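The values are calculated or read from the model by the stated rules, or taken from the named source; none is laboratory data. Bear in mind that the values here come from a model prediction, so they are computed numbers and not experimental data. Cβ: placed from backbone, ideal geometry, glycine included. Neighbour counts: every protein chain shown. Accessible surface areas use protein heavy atoms only, side chains included; no ligands, DNA or RNA. Shrake-Rupley method; radii C 1.70, N 1.55, O 1.52, S 1.80 Å.
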Amino acid sequence: TCVASSGRHEKMQRTLGATGLLERFGGRIFSATEVEHGKPAPDLFLHAARRMGVPAASCAVVEDSPFGVEAARAAGMTSFAYAGGVMPAERLTAADVVFHDMRDLPRLLAAGG
């Protein structure tokens, strides 16, 4: 698992630190500042997959934005769109799976979409 965000590393350090998740992703945090084109281009997700040593087709992306879903699709990755936050589900319909409750995510990932 990793984090591949449009945010800068400094922002991710703060937000992941505030939620207690920073330690879980140590050394596996990737920012759009590391690639030429951010989302909706696939560059960030492809960069993260390469760094993690995982083929793009084997990756699952959890997103909450249309640009992120578009980037995942362009990278050839399975996309799981979280519609339980501020983004309406109808804006995320390009995803392979749209879900509303994070408690469902482990089951959805295990099922492979």
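What whole-number value in Å² describes the accessible area per residue of the chain for a 1.4 Å probe? Per-residue value: 58 Å². All alpha carbon pair distances within the stretch 6-113 were sorted into 10 Å bins beginning at 0; the resulting P(r) in whole percents reads 15, 43, 40, 2. Surface composition of the chain: carbon plus sulfur atoms hold 53% of the accessible area, using a 1.4 angstrom probe and ignoring ligands, DNA and RNA. The dipole here belongs to the chain: it is taken about the Cα centre, uses +1 on the Cβ of Lys and Arg and -1 on the Cβ of Asp and Glu, and is about 260 debye.
Per DSSP H run of at least 4 residues, take -39500 (n - 2.57); add these up for the chain, divide by its residues and hand me the 222 nm value, nearest 500 deg cm²/dmol.
-9500 deg cm²/dmol
Other residues lying with their Cβ under 14 Å from the Cβ of I29 contribute a combined charge of +3, Lys and Arg counting +1, Asp and Glu -1. Near L46, once Lys and Arg are set to +1 and Asp and Glu to -1 for all other residues with Cβ below 14 Å from its Cβ, the sum equals 0.
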